[in-house]
Amino acid sequence: MDLGHCLLKIRDGFHATVIEAQEFIKAMEKLIGPCDPMALSKFSSSISSKDKEKVDDILKRQKVKKNKKGIYVPGYIYETEEDFSLIVRYLAPTEFRHIVAETTMVYLISINEAFVSEFLKLIYRHRSNMLKSNKKQLSYEEVCCQDSLEDLIAYMAEKKAAATVDDGIDKMDTYLNEQFNIELNKYKGWQDLRESVYRRNIIIHNRGIANKTYCKKIDSSKELGKKVETDYKYAIDLAENISGFIDYMHNKIAKKLKLRLDY
């Protein structure tokens with residue numbers, strides 16, 4: 001199978017993964033997204049009038065209390081098993097909806113980074129002459145651990161592709177411009193994608209609270225020290241953006257390498 005065909009398989013495979021994540025978040029939005037205790041009207045179409053009356057009654061009896069960490073959380077009061085069932089279906093999940101959105105968002109960024117890495121790794125293995133421009137060197141030990149020249153090229157390709165991703169999204173743009181003479185920052189959703197990467201970083205390392213790095217990278221200081229809210233719509237839009245980026249990168253590099261864009 002030639003390089004062009006292999007790259008198409010990678011593109012299509014990652015497209016399918018992004019779509020799965022998007023469908024998941026849409027399903028979760030239907031299931032628990034509209035169930036907001038502060039705005040019951042949002043899910044009025046998905047709840048019977050009888051159940052809505054019962055939920056309203058539960059909310060009237062709702063108490064707020066501190067948990068072990070000193071955080072105020074709703075304390076739902078239920079008197080029957082039916083009340084408990086309503087809480088599970090309509091109220092309790094809303095306390096965790098931001099976790100679902102944030103988790104999906106982090107997963108989507110990981111998918112995008114894996115796509116870039118796999119895409120470049122395959123190119124470097126097929127066009128090993130491109131590895132000659134790599135400024136990084138291998139140790140004698142790394143070379144001697146490989147069983148053949150083919151294994152050595154595969155190792156170098158994987159290492160270079162991983163480094164391109166690991167150095168961050170802004171340096172990735174620079175590297176690919178130097179290597180393929182393409183400008184990822186010309187992609188229409190590039191700035192939104194950059195913001196998502198830096199948002200992912202603060203979600204993982206800073207509980208989603210904007211730090212100086214995040215504010216500097218997105219050219220804003222007004223969010224410093226504040227929680228950056230991530231909802232279902234954000235995750236769904238991110239999936240669309242990543243799908244577009246996958247197409248953009250594939251088409252630009254395929255054209256530069258004079259490969260077929262479709263089969």
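The values are calculated or read from the model by the stated rules, or taken from the named source; none is laboratory data. Quantities reported herein were computed from a predicted structural model and do not represent experimental measurements. Note that we place each Cβ from the backbone using ideal geometry, even for glycine, and neighbour counts take in every protein chain shown.
A few comments on the model shown:
- Residue check, K258 exposed (fewer than 15 other Cβ atoms within 10 Å of the Cβ), assigned to a loop (DSSP other than H, G, I, E, B) and not acidic (D, E): yes
- Candidates N206, N241, N211, N201, filtered to the one that is surrounded by 13 or more Cβ atoms within 10 Å (Cβ to Cβ) and either under 20 Å from G13 (Cα atoms) or outside the structural domain of I111 (by TED's automatic domain parsing) (or both): N241
- Considered as a group, the residues in the range 203-223 that are assigned to a helix (DSSP H, G or I) and in contact (Cβ under 8 Å) with a residue 12 or more places away in the chain include one that is farthest from D237 (Cα to Cα), and that residue is K212.
- Qualifying residue in the range 154-172 (condition: under 22 Å from R11 (Cβ atoms), of a type in the set (F, W, Y) and more than 15 Å from the chain's Cα centre (by Cα)): no
- Subset of the range 157-187 [more than 14 Å from N112 (Cβ to Cβ) and outside any helix (DSSP H, G or I)]: D167, N181, I182, E183
- Of all residue pairs spaced 6 or more apart or on separate chains, those with beta-carbon atoms under 8 Å, a first member in the range 43-62 that is within 22 Å of A27 (Cα to Cα) and a second member that is at pLDDT 70 or above are S44/K52; S46/K30; I47/V55.
- Going through (1) touching a residue at least 40 places away in the same chain (Cβ under 8 Å); (2) among the charged types (D, E, K, R); (3) closer than 25 Å to E118 by Cα one by one, D231 falls short only on (3).
- Residue in the range 188-202 that is more than 24 Å from I99 (Cα to Cα), touching a helix residue (DSSP H, G or I) at 6+ places or on another chain (Cβ under 8 Å) and not in a helix (DSSP H, G or I) present: yes
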